[in-house]
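The values are calculated or read from the model by the stated rules, or taken from the named source; none is laboratory data. For clarity, every value in this text was computed on a predicted model and none was experimentally measured. Because the Cβ atoms are built from the backbone with ideal geometry, glycine has one as well, and the counts that use them run over all protein chains shown. The area values use the complete protein model at the heavy-atom level, side chains included, leaving out ligands, DNA and RNA. Shrake-Rupley method; radii C 1.70, N 1.55, O 1.52, S 1.80 Å.
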Amino acid sequence: MMRVHRFIATLTLLFCAGYSHPAAGQSEQSGQILLKAGRLLDLKAGRYIEDAAVLIEGERIKEVGRAADLASRAPQAHVVDWHFATVLPGLIDCHTHLMARMGSGNDGYVLSLATKSEAFRALEGAADARLTLAAGFTTVRDVESEGSQYADVALRDAINQGLVVGPRMLVSTRGIAAVGQYEPFGVSPDLAGFPTGAQMISGADEARRAVREQIGNGANWIKVYADWSEPTLTVEEMKVIVEEAHKHKRKVAAHATTPEGIHNALTAGVDSIEHGHRIDRANLELMKAQGVFLVPTVGVIDARAADLPNDPMVQERFAGLMAHIDEALKMAKTLGVKIASGFDASGAKGQGRNADELAALVKHGLTPIEAIRAATTSAAELPGWEDRVGAVEPGKFADLIAVEGDPLTDITVLKSVKFVMKGGAVVKDGR
């Protein structure tokens, strides 16, 4: 028991150092905070409210309006002054893997599973959670733990209990894939029991059992792999997964990149398509009809461009993929498919760079306000958290960020967030 207490104390010191905490006085849970903003982004109107302020009481927003008006109504409120900056709601990333600091190269995934304990992976996740929050992302949907079992549940609960610093988390635990159709590949069959990147199933009964196990162990979402290089899980298997998840009021996210895999997932009734890089118009029309979200993860594809080999054939294929992504996003916008932002970092260098996805969405055809909505209002709608996060409105959590510059003309300013507040507590202050 002494070792456990020592471990928790060490963890708290490691990951709370350098951050303000409600107990430190900056949240003043018993009083009020008046956050002044040079301009506050009105997401619905797509324009700024000048000389604005947000009145915060406890964890929630009490009132939004002109700074002078709110100051006169709350003269005793503690003032946090960002009159020189642009204030937005805390951002949301709908496709994270906080437990994933997988090695590079063909053997990187295998080596990570073979050399890192689940406890160490959880500590990596705590470090990545801290980076993510510091980047201005106050809520994440973590779409499976990549072989660290239920470490994402432990991290979510530790954040909620104030043991470590990080964003609000919705977790998908282990993920579900067809036997032999997900990482790690190339492991000797003699190594029985070697860890896998997802829970491998074959048949409807195993699919149903996997959902029940994961929900029983704390999953907020269920993640399935509808394809890899080709379709993997059957429609029947995914229908059972969706049925069981929806029965327990959990939604289902589907990794799907091929037209057939996407169609199978949509036929099964999933709630979001992750990636969808080779999606066609017929599938986009089906998504629109069913109200299914697209989480395009284009930033991580852009990041691969720098690492392409000097091979004309490879570069030509990559250019073709990027052209298809541009066309798919254009079609999705035209059809009115709901889009949510998700960066899909899976290595150490990608963690905390969630705003790269917003820049990539603009590069590939979205306007800055559309990209920001994909990381706020739309991203909040995907898990059904519109009443909690995603906008600066009374009653919602006081999750706020501040940046210098104008993200409606230069989306990249969101890569340099200067101030972060989560639930009324200041966790980053770059004044």
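Quick one: which of Asp406, Asp399 is at pLDDT 95 or above, charged (D, E, K, R) and surrounded by fewer than 19 Cβ atoms within 10 Å (Cβ to Cβ)?
Among Asp406, Asp399, only Asp406 is at pLDDT 95 or above, charged (D, E, K, R) and surrounded by fewer than 19 Cβ atoms within 10 Å (Cβ to Cβ).
Could you list all residues from the stretch 269-296 that are open to solvent by 10 Å² or more (accessible area, probe 1.4 Å) and over 22 Å from Lys363 (Cα atoms)?
Those that are open to solvent by 10 Å² or more (accessible area, probe 1.4 Å) and over 22 Å from Lys363 (Cα atoms): Gly269, Asp271, Ala282, Glu285, Leu286, Lys288, Ala289, Gln290, Gly291.
Here's a check for you: in the stretch 57-80, which residue that is within 19 Å of Gly38 (Cβ to Cβ) and in contact (Cβ under 8 Å) with a residue 60 or more places away in the chain is surrounded by the most Cβ atoms within 10 Å (Cβ to Cβ)?
Across the stretch 57-80, the extreme among qualifying residues is Ile61.
Only residues that are of a type in the set (D, E, K, R), within 23 Å of Arg373 (Cβ to Cβ) and at pLDDT 95 or above: list them for the stretch 44-62, please.
Correct list: Arg47, Glu50, Arg60.
Hey, among the residues in the stretch 353-388 that are of a type in the set (Lys, Arg) and in a loop (DSSP other than H, G, I, E, B), which one's least open to solvent (accessible area, probe 1.4 Å)?
Arg388
Does Lys330 meet the test of being under 24 Å from Thr196 (Cα atoms), open to solvent by 10 Å² or more (accessible area, probe 1.4 Å) and among the charged types (D, E, K, R)?
So Lys330 fails the test.
What are the residues in the stretch 246-271 that are among the aliphatic types (A, V, I, L, M) and not in a helix (DSSP H, G or I), if any?
Val252, Ala253, Ala254, Ala256, Val270, listed by residue number.
Any chance you could count how many residues in the stretch 130-159 are in contact (Cβ under 8 Å) with a residue 40 or more places away in the chain, part of a helix (DSSP H, G or I) and in contact with a helix residue (DSSP H, G or I) (Cβ under 6 Å, 6 or more places away or on another chain)?
Qualifying residue count, the stretch 130-159: 3.
Can you find a residue that is closer than 22 Å to Gly342 by Cβ and hydroxyl-bearing (Ser, Thr, Tyr) anywhere in the stretch 197-204? Explain how you work it out, then say what you get.
Of the stretch 197-204, the ones closer than 22 Å to Gly342 by Cβ are 197-199.
With the extra rule that they be hydroxyl-bearing (Ser, Thr, Tyr), the set shrinks to none.
Within the stretch 197-204 (the criterion being closer than 22 Å to Gly342 by Cβ and hydroxyl-bearing (Ser, Thr, Tyr)), the answer is no, since none of the residues qualifies.
Before we move on, is Asp157 within 17 Å of the chain's Cα centre (by Cα), farther than 19 Å from Ser112 by Cβ and open to solvent by 40 Å² or more (accessible area, probe 1.4 Å)?
yes
Say whether the condition of being assigned to a helix (DSSP H, G or I), in contact (Cβ under 8 Å) with a residue 24 or more places away in the chain and either acidic (Asp, Glu) or touching a strand residue (DSSP E or B) at 6+ places or on another chain (Cβ under 7 Å) (or both) is met by at least one residue in the stretch 391-400.
Scanning the stretch 391-400 turns up no residue that is assigned to a helix (DSSP H, G or I), in contact (Cβ under 8 Å) with a residue 24 or more places away in the chain and either acidic (Asp, Glu) or touching a strand residue (DSSP E or B) at 6+ places or on another chain (Cβ under 7 Å) (or both).
Out of the stretch 106-154, which residues are closer than 21 Å to Asn354 by Cβ, open to solvent by 20 Å² or more (accessible area, probe 1.4 Å) and basic (Lys, Arg)?
Hit for the stretch 106-154 is Arg130, nothing else.
Which of the numbered conditions does Phe419 fail, given that it passes all the others? Conditions: (1) open to solvent by less than 10 Å² (accessible area, probe 1.4 Å); (2) closer than 23 Å to Asp81 by Cα; (3) in contact with a Ser or Thr (Cβ under 7 Å, 6 or more places away or on another chain); (4) not β-branched (Val, Ile, Thr).
(3)
Among the residues of the stretch 401-423, which ones are touching a strand residue (DSSP E or B) at 6+ places or on another chain (Cβ under 8 Å), assigned to a loop (DSSP other than H, G, I, E, B) and farther than 19 Å from Arg130 by Cβ?
Glu404, Gly405, Asp406, Pro407, Leu408
Given the options Arg212, Arg250, name the one that is closer than 27 Å to Glu118 by Cβ and under 20 Å from the mean Cα position of the chain (by Cα).
Arg250
Considering each of Gly299, Gly350, Gly342 in turn, give the residue that is open to solvent by less than 30 Å² (accessible area, probe 1.4 Å), touching a His at 6+ places or on another chain (Cβ under 7 Å) and under 27 Å from Thr139 (Cβ atoms).
Among Gly299, Gly350, Gly342, only Gly342 is open to solvent by less than 30 Å² (accessible area, probe 1.4 Å), touching a His at 6+ places or on another chain (Cβ under 7 Å) and under 27 Å from Thr139 (Cβ atoms).
Kindly provide the set of residues from the stretch 81-97 that are buried (at least 20 other Cβ atoms within 10 Å of the Cβ) and out of contact with any Asp or Glu (no Cβ under 7 Å at 6 or more places or on another chain), ordered by number.
Correct list: Trp82, Val87, Leu88, Leu91, Ile92, Asp93, Cys94.
Does at least one position in the stretch 246-259 carry a residue that is over 30 Å from Ala323 (Cα atoms) and buried (at least 18 other Cβ atoms within 10 Å of the Cβ)?
Within the stretch 246-259 (the criterion being over 30 Å from Ala323 (Cα atoms) and buried (at least 18 other Cβ atoms within 10 Å of the Cβ)), the answer is yes, since at least one residue qualifies.
Among the listed residues Ala282, Ala289, Ala207, identify the single one that is out of contact with any helix residue (DSSP H, G or I) (no Cβ under 8 Å at 6 or more places or on another chain), among the hydrophobic types (A, V, I, L, M, F, W, C), over 18 Å from Glu146 (Cβ atoms) and without any contact (Cβ under 8 Å) to a residue 40 or more places away in the chain. Explain how you work it out, then say what you get.
Details: Ala282 fails: out of contact with any helix residue (DSSP H, G or I) (no Cβ under 8 Å at 6 or more places or on another chain); Ala207 fails: out of contact with any helix residue (DSSP H, G or I) (no Cβ under 8 Å at 6 or more places or on another chain).
Ala289 is the lone residue from the list that is out of contact with any helix residue (DSSP H, G or I) (no Cβ under 8 Å at 6 or more places or on another chain), among the hydrophobic types (A, V, I, L, M, F, W, C), over 18 Å from Glu146 (Cβ atoms) and without any contact (Cβ under 8 Å) to a residue 40 or more places away in the chain.
Somewhere in the stretch 295-305, is a residue assigned to a helix (DSSP H, G or I), of a type in the set (Asp, Glu) and closer than 16 Å to Ala374 by Cβ? Working first, answer last.
Here is the first cut: in the stretch 295-305, the ones assigned to a helix (DSSP H, G or I) are 298-305.
This time we only want the ones that are of a type in the set (Asp, Glu), so: 302.
If we keep only those that are closer than 16 Å to Ala374 by Cβ as well, we get 302.
Looking for residues that are assigned to a helix (DSSP H, G or I), of a type in the set (Asp, Glu) and closer than 16 Å to Ala374 by Cβ, one finds at least one in the stretch 295-305, hence yes.
When only residues in the stretch 414-431 that are more than 19 Å from Asn160 (Cβ to Cβ) and in contact (Cβ under 8 Å) with a residue 40 or more places away in the chain count, which is farthest from the chain's Cα centre (by Cα)?
The qualifying residue farthest from the chain's Cα centre (by Cα) is Arg431.
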